Structure formats: C-alpha cells, structure tokens
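Reviewing the structure listed below.
The values are calculated or read from the model by the stated rules, or taken from the named source; none is laboratory data. Keep in mind the model is a prediction, meaning the values are calculated, not measured. Note: ideal-geometry Cβ built from the backbone for every residue, glycine included; neighbour counts use all protein chains shown.
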Amino acid sequence: MFEVISNSVVVLFLSVGVFFLWVGIVGIIRFPDIYSRLHAATKCDILGAGLVLIGLIIYEGFSFDALKLLAIAALLLSSSLVIGHAIARAARRTDLVFWHENREEKIMLEKEKLFREIFKV
C-alpha cells in the first residue's frame, strides 16, 4: 500500500515538473523580448527541474543517489539564478529595449535629437 502511494506521489511530482518545463519552453518561444523570455526560462527551469528532482528523490528513497540528486538540485538553483542575472545585466548594458516601449516614439525622439544636433536648435 505504501509503495502505491509513493509511486503516485512520484508520478505527480514528475508530471507537474514536466508541465512547468513545457510551459517554460512555450514561454521562451512566445514572449517578445529577452527579459520576458529570461523570466520564463529561469522560473520554469527552477520549478520544473526542482519538482522532477524531488520526484526522483522520493522514488530513490534514502540512499546515496538521493544525496546526489539533492546536490544537483542545489547546483541547479544557484547556477540558474546567477546565469539569469548575468544575462539580464548584459542585455541591460547593451541597451536592449523592452517590448512595451513604443518604438515609433523612440525613433521620433532620436530624429528630433539628431535634428537639434545638426541645426544647433
């Protein structure tokens, strides 16, 4: 009886984890700019892979393999946060614009700035 409940919980964790990984993939494909894509990738990556790893830890029980999976989860959590921050910082330093900014308005402001530079107005 305990094995049936344990396997059901494992299947639940694995299914929800794979669902969140799939949502992350769809978010990366569908979102318009790097910041939203990065948000979808890091959040769904941590949650999806974390749930899959928790499911595998429950499936393994208390063993050395469970400790290895726990170490992988800790490494994934720390590296995903640092990599996401580094990518966002690099995107911000290269002046990538947000998707909600009005591009036509930005072009008009740049044209006006160029006009003022040329004619010293």
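Contact map, the stretch 102-113: residues that are closer than 17 Å to P32 by Cβ paired with residues that are at pLDDT below 75, Cβ distance under 8 Å, separation 6+ or inter-chain. Pairs shown: R103/V97; K106/V97. Restricting the stretch 38-73 to residues that are among the charged types (D, E, K, R) and within 21 Å of the chain's Cα centre (by Cα) leaves a set whose member that is nearest to R89 (Cα to Cα) is K43. Out of all the residues in the stretch 95-115, is one or more surrounded by 11 or more Cβ atoms within 10 Å (Cβ to Cβ), under 20 Å from the mean Cα position of the chain (by Cα) and at pLDDT 75 or above? For the stretch 95-115, residues surrounded by 11 or more Cβ atoms within 10 Å (Cβ to Cβ), under 20 Å from the mean Cα position of the chain (by Cα) and at pLDDT 75 or above: absent.
Any residue at all in the stretch 92-105 that is under 20 Å from V9 (Cα atoms), in contact with a helix residue (DSSP H, G or I) (Cβ under 9 Å, 6 or more places away or on another chain) and of a type in the set (A, V, I, L, M, F, W, C)?
Of all residues in the stretch 92-105, those under 20 Å from V9 (Cα atoms) come to none.
Among the residues of the stretch 92-105, not one is under 20 Å from V9 (Cα atoms), in contact with a helix residue (DSSP H, G or I) (Cβ under 9 Å, 6 or more places away or on another chain) and of a type in the set (A, V, I, L, M, F, W, C), which makes the answer no.
Every test in (1) outside any loop (DSSP other than H, G, I, E, B); (2) without any contact (Cβ under 8 Å) to a residue 24 or more places away in the chain; (3) over 22 Å from S6 (Cα atoms); (4) not hydroxyl-bearing (S, T, Y) is passed by L77 save one, and that test is (2). Within the stretch 8-35, being closer than 15 Å to V52 by Cβ and of a type outside the set (A, V, I, L, M, F, W, C) holds for S15, G17, G24.
Can you find a residue in the stretch 33-44 that is exposed (fewer than 15 other Cβ atoms within 10 Å of the Cβ), basic (K, R) and free of Cβ contacts under 8 Å to residues at least 24 places away in the same chain? No; the residues of the stretch 33-44 include none that is exposed (fewer than 15 other Cβ atoms within 10 Å of the Cβ), basic (K, R) and free of Cβ contacts under 8 Å to residues at least 24 places away in the same chain.
Summed over the stretch 45-74, residues that are free of Cβ contacts under 8 Å to residues at least 12 places away in the same chain and not acidic (D, E) total 9.
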